[in-house]
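Structure record follows, encoded as structure tokens.
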Amino acid sequence: MKIILFVSLFFLAGSLQAQESQQPHTINQIRSIDVKVNFQYLLHLPEDRRHAQDGRLPMIVFLHGAGERGNDIELVKVHGPPKLISQGQDLPFIVLSPQCPANERWEAHSLKLLIDEIAKRHPVDTDRIYLTGLSMGGYGSWDLSIAYPEAFAAIAPICGGSDVNAWDAPGSIRDMPVWAFHGAMDAVVPVEKTVNIIRSLRRAGSDAKLTIYPDAGHDSWTETYDNPKLYEWFLQHSNKE
């Protein structure tokens, strides 16, 4: 599926004429900017609805790595939940798997607009939206959750890090359930990238979980996504708690 969103953003701009005349009150004008958000995405709507509440289903948002960028949507099925679904597993979640355009990186605001649009179109339980991603998608998961902590009930970043300069006081996600994963032998994204985030979260009072696979390199995601305990852990959390 492909979705193009046109979003109007409004802001107040002081009137130049009013400023030049030094009047005591600034005249404000509303201007609008149209923002185009263009994503291809995979969407899994499960037959297994045993976790529905009031007709609404939990949703996993999956962010792929750098190697799956582009306009070939089949690439998104290479790893993670889309791979499991393509192999015949009926995960009991709506699963949203967008594709990042070539040569770009995940951008938090655009992703949030996409998530909101999917939640409008489908029976998503907005109190049970879970976020996960690998490598570049691990970075995207950290940064998206920091930008919009109220949007997610739990996150599971894999072999990622964060460029957000907020880890000395990561208050925005201090109370969010976090389970991070990394391979100790990762030569692409050093394990310290995740370890440092978890340490900062714990200093802030978080009980964030960390799993380090001692013999794994960059591929710490296959074992993670193949583990049913991850999906059970997701379902333990809701923003209603």
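Spatially close Lys pairs in the stretch 38-235, defined by Cα atoms under 19 Å apart and a spacing of eight or more places or different chains, total 4.
Other residues with beta-carbon under 12 Å from the beta-carbon of PRO123 carry, at +1 per Lys or Arg and -1 per Asp or Glu, a net charge of +3. Residues whose amide H lies under 5 Å from that of VAL124, counting only those 5 or more places away or on a different chain, are LEU57; hydrogens are built 1.01 Å from N in the peptide plane.
Between the amide H of GLY133 and those of LEU63, ALA156, ILE158, distances stay under 5 Å, these residues lying 5 or more places away or on another chain, with hydrogens modeled in the peptide plane. As a rough footprinting exposure proxy, the listed residues ASP127, ASP163 were ranked by other beta carbons within 10 Å of their own, and the order from fewest upward is ASP163, ASP127. Using the Cα gyration tensor of the stretch 38-235, with a ≥ b ≥ c the square roots of its eigenvalues, what is the shape: rounded (a/c below 1.5), prolate (a/b larger than b/c) or oblate (neither)? It is rounded, given that a/c, with a ≥ b ≥ c, falls under 1.5. Taking other C-beta atoms within 10 Å as the exposure proxy, CYS100, CYS159 rank CYS100, CYS159 from fewest upward. Residues whose amide H comes within less than 5 Å of that of GLY161, counting only those at least five positions distant or on another chain, are TYR139 (H built at 1.01 Å from N in the peptide plane).
Bear in mind that the values in this text are calculations on the coordinates, not laboratory data. Just so it is clear, the structure is predicted and the values come from calculations on it, not from any experiment. Neighbour counts are summed over all protein chains in view; Cβ atoms, including those assigned to glycine, are modelled from backbone coordinates with ideal geometry.
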